[in-house]
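See structure below.
Just so it is clear, none of the values below were taken in a lab; they were calculated from the coordinates. None of the values given here were measured: they were computed from a predicted structure. Don't worry about glycine lacking a Cβ; one is built from the backbone with ideal geometry, like all the others, and counts go over all protein chains shown.
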Amino acid sequence: MGKMADNSIIIDTNILLYLNIDNEEVKGKALQKIQYLKRDGYSLAISEQIIREFLVAKSNLQKIAHKIDFNKLREDVQYLLHNFSIIWPSFKSVLFLEELIFKYRIQGKVIHDANIVAVAKENNVFKILTNNPSDFIFALGEGFEIITL
Amino acid sequence: MITINKKVKISKTNQKVEFELQDLPEGEYDLQLLIGENGEIVPGKDYNLENWRSGIKLDIVPSFRREDMYGEDGR
């Protein structure tokens, strides 16, 4: 396993997008939760997959708004690197993913969620903050705590 | 915002800088030293999440589930 601290928590892609989108109600709620977690001593972590998903979703949103801004995307990466620890996939995390798929009969797009769990487990992180807790139901069986806004 | 002022000299024989941080509360800190091409200190950017803005205003905010974000081809 990796060596993240016991008090580490994965911040899911949807929470990052809520932190970034200019909707005061949603941003405020996400920001408050993040501040509470930091106050309680949690170390905030994201995986490489979460950074990638954030950039895909964000650039798609920019495209819809007809204003793709590559400087903003570049700045976003800096915000992520400055505020979150990064965890990485590995050979072992692929084996965990294989185990999860078989054990919980996971299929289709849920495998993307399962990979978040596999990489988190490999890095010794067992908490996930997400706005879509039902997507991680299977992770409860692996000792994960799923926290929502 | 915490500012630490310390004059440091970097040479081939002195490339280690130490700070006394014992008065700070326990926690995680980011230390950043930005040096310009001519050796000048470059002011750092504030990466506080409170100031993180997209410029995209959405009245209805998607759930951003992976079920919706990914295609059937896995991408």
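Taking every Cα-Cα distance in the range A:4-129 and sorting them into 5 Å bins from zero, the calculated P(r) comes out as 2, 10, 19, 20, 19, 14, 10, 4, 1 percent. Inter-chain Cβ neighbour count for A:72-85, averaged per residue, equals 3 (cutoff 10 Å, partner chain atoms only).
The mean number of partner chain beta-carbon atoms within 10 angstrom of a residue's beta-carbon across peptide A:10-21 is 4. Taking other residues whose beta carbon is less than 10 angstrom from the beta carbon of residue A:113, and scoring Lys, Arg as +1 and Asp, Glu as -1, yields 0.
Each peptide among B:58-64, A:100-106, A:84-90 gets the average number of other Cβ atoms lying within 10 Å of its residues, and from highest to lowest they stand as A:84-90, A:100-106, B:58-64.
The dipole here belongs to the protein assembly as shown: it is taken about the Cα centre, uses +1 on the Cβ of Lys and Arg and -1 on the Cβ of Asp and Glu, and is about 380 debye. Listed by Cβ neighbour count within 10 Å, with the fewest neighbours leading, A:130, B:13, A:148, A:13 appear as B:13, A:148, A:130, A:13.
By the helix-only formula, in which each DSSP H run with n ≥ 4 contributes -39500 (n - 2.57) and the sum is divided by residues, the protein assembly as shown has a 222 nm mean residue ellipticity of -12000 deg cm²/dmol.
Helix A:91-104 and the longest principal axis of the C-alpha atoms of chain A enclose an angle of approximately 70°.
The per residue volume of the convex hull around the alpha-carbon atoms of the protein assembly as shown is 169 Å³. Among A:18, A:36, a tally of other beta-carbon atoms within 10 Å of each Cβ gives an order, fewest to most, of A:36, A:18.
Look at the stretch A:33-42: the mean tally of other chain Cβ atoms within 10 Å of its residues' Cβ atoms is 1.
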